[in-house]
Amino acid sequence: MQIIKLSATDSTNNYLKQLLPETVLEDFSVVLTHHQTHGRGQRGSEWISDKGKNLTFSILKHKPPFPTNRQFLLSILVSLSIIKTLEHYNVPNLAIKWPNDILSDHHKIAGILIENLIKSQQIESSVIGIGLNVNQEIFNGLPKVSSLKNILGMPIDKDELLHKLIVNIQYYFSVYEKNGEGILDTEYESYLFRKDKPSTFKLPDQTSFTGIIRGVTDSGKLQVQMEDSTKAFDLKALKLLY
Ligand code: BTN
């Protein structure tokens, strides 16, 4: 396994994307940094992580086997790989908050940012960025964020954890190759946070409404049942309040 370890970089996703056109990189190459100065999150947010305490890394997947209209399978596959890894450490009450936040006991412990390079209607390569809170203890102003150390009450070896994560990502790609997408879709929905429970959502115009999460469409939209109909929302169109 090719691992590029950097003492600091702005964003491991940026670093890997810049490297991609100029270097021959093995499948599942990893770029890892101890200090990410401008980590990026979903919806243009920032990913902030204390220096040296957590895992902030990106993995390269050449030509992921999914059609472009099922790019969301990457989110599913990576979310399940993180869950499977954390289950090994007995992390309690794991859930996936759509689209791909990993929660334990309602606290976010990991986030995923996937960036795909599409060429001629095919996914040419995927840069899978993962931020996992491992040994950081204090999250100022973020009451719904936690780390493995806070949850498990002991520090975790980051190298071992990284290794298990990569092995599990490779495992889930093999599950897809052997069994297709159905099994991944079903497993993802079994971990979907607040599925089949009434929840409150906020729209971009700041109004809120109550609905019930029923699942996720093939393209990754969240299906929410409202009073008279079920609607599918994309990431920018909806925020789950919890
Ligand atoms: C989110 O939950 O908003 C996604 C967070 C993704 C953070 C990771 S850290 C490594 C990689 N590099 C980045 O700039 N972002 C991802």
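Qualifying trypsin sites (Lys or Arg not before Pro) in the range 110-205, where qualification requires a DSSP coil assignment and no more than 12 other C-beta atoms within 10 Å, comprise Lys144.
Loop-located GluC sites (Glu not before Pro) in the range 1-87 (DSSP state other than H, G, I, E, B) with a sparse environment of at most 12 neighbouring Cβ atoms within 10 Å: Glu26. Normalised by 2.2 N^0.38 Å, where N counts its residues, the alpha-carbon radius of gyration of the range 198-240 equals 1.05.
Counting every other Cβ atom within 10 Å of each residue's Cβ, Tyr188, Tyr89 order from fewest to most as Tyr89, Tyr188.
What you get for the chain, charging only the Cβ of Lys and Arg (+1) and of Asp and Glu (-1), is a dipole of about 360 debye around the Cα centre.
For Val145, the amide hydrogen comes within under 5 Å of the amide hydrogens of Lys108, counting only partners 5 or more places away or on other chains and with H modelled in the peptide plane. For the chain, return all DSSP H helices satisfying: extent of Cα atoms along own axis at least 27 Å; mean Kyte-Doolittle hydropathy at least 0.0. Sorted by number, there is nothing, because no helix extends far enough and scores high enough. Just Val24, Val216, Val91 to compare: in a GNM of the chain, with alpha carbon springs under 10 Å, which one fluctuates most? Looking only at Val24, Val216, Val91, the largest GNM fluctuation is found for Val24. Sequence-distant contacts, meaning Cα pairs under 8 Å at least 6 residues apart, place the relative contact order of the range 3-190 at 21 percent. A viscosity of 1.567 mPa s and a temperature of 4 °C, combined with the Kirkwood radius over Cα pairs in Stokes-Einstein, give a translational diffusion coefficient for the range 26-70 of 103 µm²/s. Residues in the range 32-45 carry Karplus couplings, in order, of 10, 10, 7, 9, 9, 8, 9, x, 10, x, 5, 6, x, 7 Hz; the curve used is 6.51 cos²θ - 1.76 cosθ + 1.60 with θ = phi - 60°, and Gly or Pro positions show x. Write down Rg/Rh for the chain, rounded to two decimals, with Rg from the C-alpha atoms and Rh from the Kirkwood relation over Cα pairs. Rounded to two decimals, Rg over Rh is 0.95. For a quick check, take a GNM of the chain with Cα springs below 10 Å and name the residue from Asn168, Asn150, Asn13 with the largest mean-square fluctuation. Judging by the Gaussian network model, the answer is Asn150.
Rule-based calculations on the coordinates, nothing more; no lab input. Computed from a predicted structure; not experimentally measured. No Cβ is skipped: glycine too gets one built from the backbone with ideal geometry, and neighbour counts run over all protein chains shown.
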